[in-house]
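The values are calculated or read from the model by the stated rules, or taken from the named source; none is laboratory data. The shown structure was predicted, so the numbers you read here are calculated from the model rather than taken from an experiment. With ideal geometry, Cβ positions are generated from the backbone for all residues, glycine too; neighbour counts draw on all protein chains shown. Remember, those area values only see protein heavy atoms, side chains included, never the ligands or the DNA or RNA. Shrake-Rupley method; radii C 1.70, N 1.55, O 1.52, S 1.80 Å.
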Amino acid sequence: MSFSIHEPIAAIDVGSNFLRMMIASISPEGGIHPLEDLWKPTKIGRDTFASGRISPVSIHETCDTLIGFSQVMKDYHIQRYRAVCTSGIREADNREYVLEQVRSRTGLNVEVINQAEERFYIYKALRDNLPGARQIRLEGFVLINTGMGGVEVSLYDRGNLQFTEYVKVGSLRMRQVLSELERKTLDFPSLMEEYLESKIHFIKPSISNLKVKNFVAIGAQMQAITNIAVEKGLCENPDFLSKNAIRSLFDDIKHLNTEEIGRSFNLHRNEADIILPAMIILNHFLEVTPATRAWVPSVSLRQGLLADVADEKLDTMRKIDFANDIITSAWYLARKFDIDEPHAAHVENMALNIFDQTTDVHKCEAKERRYLRLAAIMHDVGQYINASEHALHSYNIIRSQDILGLSNDDLTVIANVARYHTNEDFPHPGDDNYRYLSEHEKLTVSKLAAILKLAESLDISHRQKIRNVNVCLQKSDMLFYLESSEDTLLEEWHFKSNSSFFEEVIGYRPVIAKGRC
């Protein structure tokens with residue numbers, strides 16, 4: 001389907017506490033210009049976090065609301081949309097039944113996105129809505145994204161993402177998990193603080209050690225807290241909340257129940273119920289930093305989805321920034337498992353060099369190139385567990401991670417490429433990790449693994465002997481001319497051991513050649 005920047009597009013967030021839809025137009029630079037923003041409360045998250053399943057009543061109510069959203073889309077003649085669901089449906093035991101009923105009754109295809117994808121889209125929205133975003137990235141900042149099911153903490157320093165962690169202790173989940181204890185204590189806020197501390201204590205040293213002075217808080221609850229603070233005269237600028245304002249507001253509401261909070265601040269019960277745990281999360285993380293205030297920009301998952309649609313079609317600076325963040329996230333994961341960084345970087349460089357010089361042969365595109373790059377960076381993480389069969393351990397580690405911007409399907413392909421990077425391992429139809437891939441995914445994995453095997457061979461000594469490689473085709477051979485001033489006998493021997501698989505998959509026999517192309 002062709003894309004026009006003048007046509008309206010829609011983004012639907014089937015959330016844990018609210019169903020939301022934004023309709024917007026896109027500027028030639030990729031900017032988002034909202035035309036309409038709709039929402040309606042839901043009990044999806046309460047059902048899932050309490051019992052693990054979404055009730056039939058909630059399913060029917062969800063379908064009815066989405067039918068209404070679909071009608072609004074028809075009124076705008078919308079052809080392009082993104083509809084996603086987060087932890088409320090993602091973690092439900094009956095999610096497949098729910099999504100099928102939504103599809104059959106509303107005609108909408110709702111994607112299940114993982115936490116890393118959710119974070120990726122929200123960060124895209126943040127980039128466009130945080131004043132001085134590029135300068136703040138360079139200075140460094142802590143970002144907390146408070147959702148209904150979990151809180152995600154990320155730390156940027158010197159323009160790069162240093163680490164990110166997700167903890168299942170969101171405002172609605174914390175309220176639901178501890179609900180039976182609320183009636184057994186007179187100091188429920190302190191109980192929630194203790195519970196939060198038990199879940200996040202391992203993150204706090206990483207935040208405090210870097211001492212970044214900028215603190216950014218996002219999430220629907222953060223906006224509600226800011227509105228209350230403005231109403232009470234605790235802050236003049238709705239983009240900021242000072243530590244003192246947060247402490248004062250917390251003192252005001254910590255002894256109020258949900259009904260009293262709702263009446264005092266004119267909030268729907270779904271909002272009032274999560275204000276207190278959201279404030280506890282905000283206050284707890286802000287106190288760890290030297291920051292004197294929190295930036296609270298108005299951003300949403302819906303805006304991020306729309307930005308991603310624009311980035312798919314337009315060459316925006318936002319697209320470049322976040323492509324770099326995905327690579328940084330992969331390096332953060334690799335370092336957690338104590339990999340040999342110079343080796344991983346050299347294999348990454350060799351793999352991309354081979355890929356770029358052979359595009360006319362393998363026919364892979366930018367998406368597959370990114371898969372190869374990420375697999376090269378993380379291919380040895382399994383050695384942290386055991387050097388024996390470390391490629392299989394690498395597969396298991398990568399497959400189980402949340403990496404910024406990568407879907408579960410992306411992770412599966414990348415993990416499989418890493419799984420087959422050694423000369424002993426080859427894709428086999430009976431392998432559990434391989435046989436459930438689609439035919440296209442199997443071919444992609446095999447092509448990229450064949451390239452990665454050769455790249456790994458060219459630094460099998462872990463000494464980075466080969467400065468560069470030039471590739472030329474000659475009939476049925478693919479000639480590799482190595483640039484090195486050292487003895488590369490070991491690398492050449494290992495390269496030859498991987499040549500047969502490359503030839504089988506790609507169709508050309510790789511051969512080490514002397515001289516130049």
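Keeping the other protein chains in place, figure out the carbon and sulfur percent of the accessible area of the range 64-215, with a 1.4 Å probe.
47
With θ taken as phi - 60° and the coefficients 6.51, -1.76 and 1.60, list the Karplus ³J(HN,Hα) couplings across the range 184-198 in order, rounded to whole Hz; mark glycine and proline as x.
With coefficients 6.51, -1.76 and 1.60, one gets 9, 9, 8, 10, 4, x, 5, 5, 5, 5, 4, 5, 4, 4, 5 Hz.
Helix-derived [θ] at 222 nm for the chain: sum -39500 (n - 2.57) over DSSP H runs of at least 4, divide by residue count, nearest 500?
Working: 25 runs with 277 residues, N = 517.
Mean residue ellipticity at 222 nm (helix-derived): -16500 deg cm²/dmol.
Whenever you get a sec, line up Asp477, Asp325 from highest to lowest accessible area (probe 1.4 Å, protein heavy atoms).
Asp477, Asp325
Between Ser190 and Ser264, 0.36 nm times their residue separation minus their Cα-Cα distance comes to what? The partial results should precede the final answer.
Numbers: separation 74, 0.36 × 74 = 26.64 nm, distance 2.18 nm.
Between Ser190 and Ser264, full extension yields 24.5 nm more.
For the range 182-329, with every protein chain kept in place, what is the accessible area per residue (1.4 Å probe, Å²)?
About 45 Å² of surface per residue is accessible.
Carbon and sulfur: what percent of the range 249-407's accessible surface (1.4 Å probe)?
Exposed carbon and sulfur together represent 44 percent of the surface.
How much length, in nm to one decimal, is gained on full extension between Arg158 and Glu7, taken as 0.36 nm per residue of separation minus their Cα-Cα distance?
50.6 nm
At 7 Å along Cα-to-Cβ for each site, give me the label-to-label distance between Leu35 and Arg335 in nm.
4.5
Rounded to the nearest whole Å², what accessible area per residue is found for the range 349-471 with the 1.4 Å probe? Don't skip to the end; give the middle numbers.
Values: 5030 Å² over 123 residues.
Heavy-atom SASA per residue in the range 349-471 reads 41 Å².
Calculate, for the range 1-130, the solvent-accessible area per residue in square angstrom, rolling a 1.4 angstrom probe over the heavy atoms of the protein chains.
Accessible area per residue: 43 Å².
So, counting K/R as plus one and D/E as minus one, what does the shell of residues with Cβ under 15 Å around Lys74 add up to? Provide the component values of the computation, followed by the final result.
Numbers: positive: Arg80; negative: Glu7, Glu36, Asp75.
So the surrounding residues net to -2.
Between Glu483 and Arg80, how high is the FRET efficiency from 1/(1 + (r/R0)^6) when r is the Cβ-Cβ distance and R₀ = 30 Å? Nearest 0.05.
Numbers: r = 47 Å, r/R0 = 1.57.
The pair Glu483/Arg80 has a calculated efficiency of 0.05.
Applying 1/(1 + (r/R0)^6) with R0 = 35 Å to the Cβ-Cβ distance of Arg369 and Val72, what FRET efficiency is obtained, to the nearest 0.05?
Efficiency at R0 = 35 Å is approximately 0.35.
Place a point 7 Å from the Cα of Phe202 along the Cα-to-Cβ direction; which residues of the range 367-395 have their backbone N under 20 Å from it?
381-386, 393-395
What nm distance separates the two modelled labels at Arg509 and Glu389, each placed 7 Å from Cα along Cα→Cβ?
3.4
When the Cα centres of the range 81-125 and the range 213-251 are compared, how far apart do they sit, in Å?
Centre-to-centre distance over Cα atoms comes out at 30 Å.
List the cysteines in the chain whose Cβ has no other cysteine Cβ under 4.7 Å from it.
Cys63, Cys85, Cys235, Cys364
For an R0 of 25 angstrom, estimate the FRET efficiency from the Cβ-Cβ distance between Ser55 and Ser104 and round to the nearest 0.05.
So the FRET efficiency works out to roughly 0.85.
If you find the alpha carbon centre of the range 311-333 and of the range 400-427, how far apart are they in angstrom?
Cα centroid to Cα centroid, the span is 19 Å.
For a test of the definition: using alpha carbon positions, the gyration tensor, and the 1.5 limit on a/c, classify the range 309-463 as rounded, prolate or oblate.
rounded
Sort His201, His343 by heavy-atom solvent-accessible area, probe 1.4 angstrom, most to least.
Working: His201 105, His343 0 Å².
Largest accessible area first, the list is His201, His343.
Work through the residues other than Lys204 whose Cβ is under 12 Å from its Cβ and net out their charges, Lys, Arg +1 and Asp, Glu -1.
Working: positive: Lys199; negative: Glu165, Glu197, Glu287.
Within the 12 Å Cβ shell, the charges total -2.
Give me the net charge for the shell around Val57: Cβ to Cβ below 10 angstrom, other residues only, Lys and Arg +1, Asp and Glu -1. Intermediate results must be reported in sequence, preceding the final value.
Numbers: positive: Lys43; negative: Asp47, Glu61.
Summing Lys/Arg as +1 and Asp/Glu as -1 gives -1.
Rounded to the nearest 20 Debye, what is the dipole magnitude of the range 270-332 about its Cα centre when Lys and Arg each give +1 and Asp and Glu each give -1 at the C-beta?
In debye, rounded to 20, the range 270-332 gives about 120.
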